[in-house]
1. Would you mind telling me which numbered condition in (1) more than 25 Å from LEU211 (Cβ to Cβ); (2) part of a helix (DSSP H, G or I) THR16 fails?
2. Only residues that are in a helix (DSSP H, G or I) and among the aliphatic types (A, V, I, L, M): list them for the range 213-247, please.
3. Based on this model, can you work out whether LEU81 counts as under 20 Å from LEU263 (Cβ atoms) and surrounded by fewer than 20 Cβ atoms within 10 Å (Cβ to Cβ)?
4. Could you please tell me which pairs satisfy a Cβ distance under 6 Å, a separation of 6+ or placement on different chains, a first residue in the range 261-276 that is among the aromatic types (Phe, Trp, Tyr), and a second residue that is surrounded by 13 or more Cβ atoms within 10 Å (Cβ to Cβ)?
5. Modelled with pLDDT of 95 or more and of a type in the set (Ser, Thr, Tyr): is that true of SER54 in this structure?
6. Taking the stated definitions as given, is SER221 under 19 Å from ALA27 (Cβ atoms) and not aliphatic (A, V, I, L, M)?
7. Just for the range 34-78: of the residues that are part of a loop (DSSP other than H, G, I, E, B) and among the acidic types (Asp, Glu), which one is surrounded by the fewest Cβ atoms within 10 Å (Cβ to Cβ)?
8. Out of the residues in the range 79-94 that are in contact with a helix residue (DSSP H, G or I) (Cβ under 6 Å, 6 or more places away or on another chain) and part of a helix (DSSP H, G or I), state the one that is farthest from GLY154 (Cα to Cα).
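The values are calculated or read from the model by the stated rules, or taken from the named source; none is laboratory data. In this text the structure is predicted, and so the values were computed from the model without any measurement. Cβ coordinates were reconstructed from backbone atoms using ideal geometry, including for glycine residues, and neighbour counts include every protein chain displayed.
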Amino acid sequence: MTLGRPYAYSPLPARTPLRWPDGARLAVYVALNLEHYESGKPALSLFSGTASFSPDPLNEGWRDYGPRVGIWRLIDVLDRLELPVTAPVNSDVCREYPEIVAAGVERDWVWVGHGKNNSTLQVGMDEEAERAYVEDVLETIEAATGVRPRGWLGPALTETPNTLRILSDLGVDYVLDWSHDDQPAPLDLPSGRPVTLPYASELNDIPAFLLHGMTGADFASEIVSAFDALYAASESTGLVFSLGLHPFLSGQPQRSGHVARALEHLRGRERVWLTTADAIADAYFEQP
């Protein structure tokens, strides 16, 4: 571990090549983020000028478009393209939007713990409180879906110094918080688990639309460019392409068609493994 980071430096060209199942060169997974924002609390905003107001119709309504409308538009896209779904889910979603969870269970989505809600961060929690918090999140999702999550994505990709050890103690196999590689990577933990899986911090609709000001067409072009570059680079070793989507952003009508066309591009190459984060973790653990 160096400079507080929970992993050692490892240059990609020096590693033993990764081999994916059935001769695939590039593993691809789509992360469909299912989130709940508590009313009356500042959060990710379309317009920061009203974010401190209560109520804040502009921003709360914008975020609430996701579970009411946007998610169903994206489900239609993913169903049509027959793409597996990895679903980072706030445990509050299980109570607030049970119809979404039921749709995911019906489609056999892979569930990743994503905290209680996206208004509550672990930052500042002491170890005892955080352990109880994480356990409650995992148990709530398991009760609603029938499956205990094997992966974790912190709300806003946040952790405390204790998070990884707590996740390891609770049997979590992988985390998506550290966007530092194009392959799964080990963490500096005694148990050897969890490992990190790539979760693109830039190839994600939040920074694309809110930070970089992209249009839907821009974002689709970025998806295609990143996929093509990783596909070319994966000739000698297995790599991972990840795409993070949020229903209140990519589920907007002006964007969903562009996202769909980009996803169609991912299906057009040979030796591409369209899969889930769970399956990628399993394949990594099985490497010689």
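1. Among (1) more than 25 Å from LEU211 (Cβ to Cβ); (2) part of a helix (DSSP H, G or I), the lone unmet condition for THR16 is (2).
2. ALA217, ALA220, ILE223, VAL224, ALA226, ALA229, LEU230, ALA232, ALA233 - these are the residues of the range 213-247 that are in a helix (DSSP H, G or I) and among the aliphatic types (A, V, I, L, M).
3. Yes, satisfied.
4. TRP273/TRP20; TRP273/ALA24; TRP273/ALA27
5. no
6. no
7. Here the answer is GLU38.
8. Among those that are in contact with a helix residue (DSSP H, G or I) (Cβ under 6 Å, 6 or more places away or on another chain) and part of a helix (DSSP H, G or I), it is LEU81.
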